[in-house]
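*Asks:* Right, I'll just put the structure down here and ask away after.
The values are calculated or read from the model by the stated rules, or taken from the named source; none is laboratory data. It should be emphasised that the depicted structure is a prediction, and the values quoted were computed from it without experimental measurement. Note that we place each Cβ from the backbone using ideal geometry, even for glycine, and neighbour counts take in every protein chain shown.
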Amino acid sequence: MDINKILEYQTLDSELFKIEKSLREDINKKTATQMQNNAKLAQERSYKLNDMAKNLEKEYENLKSQFDIQKNKMNEIFNKDVDSLSLEDVDKLNKLKDKLSANLTTLERNFSKIAENMNNLLADFNKTRKAFQMAKEEYSKAKANFDKTQNELNPKKAEIEKKLASLEKGIDKDIIEAYKKRRVENIFPVVVALAGNCCGGCRTELSLANISTLKEKGVLTCEHCHRIVYLK
């Protein structure tokens, strides 16, 4: 097998690999991804805060209803003509008044707690909204910068891919398929020379049987890293 053809293919492909790697590791791309995640988290947080606010609203309405009931009962006591009541009834009325007064005090404390929770929710919501807006703006900037870089590299990338497609026609089908399979996994270089008795990629020592096969066929797939090993 003419190993030079696949080596020529790989030499050209190394340029494409560098472009792909630079795009994959581009800081603007990473920033855009991070800001997109931040915006999503902020949005999810706002939904949660909204549900919490609804629950507080229900709690407030329930307390208000209880407060109105207790207050009406207290008004009924104040409107009674105590002169027409017996001492025993007056005593019962005073005890009821004390109980209602204690209930109203407890309800007022609960109202204060709800008000405090509402204020905390509002502050959290405003903070979350600002975080979402900032993430959205930073995402737009980073994406625009990455798109610019990508558009600048795309013509070169397309040119290389065209040349690779042309070179591929002259390479053994099994070899190019094995090459592409490794390449998809971002293993590079895919084709390496035998280094002593070891794979030139992962440096794993090949068995004597594998070396024998390599000498016979000219190429061999490393059992460890799956690169294509050739004999110089």
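*Asks:* Determine, yes or no, whether Gln10 is over 30 Å from Leu214 (Cα atoms) and at pLDDT 90 or above.
*Replies:* The answer is no for Gln10.
*Asks:* For region 209-232, give me the residue count where each residue is touching a residue at least 12 places away in the same chain (Cβ under 8 Å) and not in a strand (DSSP E or B).
*Replies:* Number of matching residues: 14.
*Asks:* Quickly run through region 76-94 and pick out the residues that are loosely packed, with under 12 Cβ neighbours inside 10 Å and outside any helix (DSSP H, G or I).
*Replies:* Answer for region 76-94, where residues must be loosely packed, with under 12 Cβ neighbours inside 10 Å and outside any helix (DSSP H, G or I): Asp81, Ser86.
*Asks:* Please list, ordered by first then second residue, the pairs with beta carbon atoms under 6 Å, 6 or more apart or interchain, first in region 176-192 and touching a residue at least 40 places away in the same chain (Cβ under 8 Å), second surrounded by 12 or more Cβ atoms within 10 Å (Cβ to Cβ) and among the acidic types (Asp, Glu).
*Replies:* Ile176/Glu168
*Asks:* Scan region 21-35 for residues that are surrounded by 16 or more Cβ atoms within 10 Å (Cβ to Cβ) and of a type outside the set (A, V, I, L, M, F, W, C) and report the count.
*Replies:* 4
*Asks:* While we're here: Need pairs with beta-carbon distance below 7 Å; first residue outside the structural domain of Lys48 (by TED's automatic domain parsing) and within region 126-137, second loosely packed, with under 15 Cβ neighbours inside 10 Å and assigned to a helix (DSSP H, G or I); sequence gap 6+ or separate chains.
*Replies:* From region 126-137, no pairs qualify.
*Asks:* A further question follows. Hey, can you tell me all the residues within region 162-186 that are under 32 Å from the mean Cα position of the chain (by Cα), surrounded by fewer than 15 Cβ atoms within 10 Å (Cβ to Cβ) and assigned to a helix (DSSP H, G or I)?
*Replies:* Within region 162-186, Lys180, Lys181, Val184 qualify.
*Asks:* Hey, any hits in region 187-204 for a residue that's among the small types (Gly, Ala, Ser), assigned to a strand (DSSP E or B) and either surrounded by 15 or more Cβ atoms within 10 Å (Cβ to Cβ) or out of contact with any Leu (no Cβ under 6 Å at 6 or more places or on another chain) (or both)?
*Replies:* Yes: region 187-204 contains one or more residues that are among the small types (Gly, Ala, Ser), assigned to a strand (DSSP E or B) and either surrounded by 15 or more Cβ atoms within 10 Å (Cβ to Cβ) or out of contact with any Leu (no Cβ under 6 Å at 6 or more places or on another chain) (or both).
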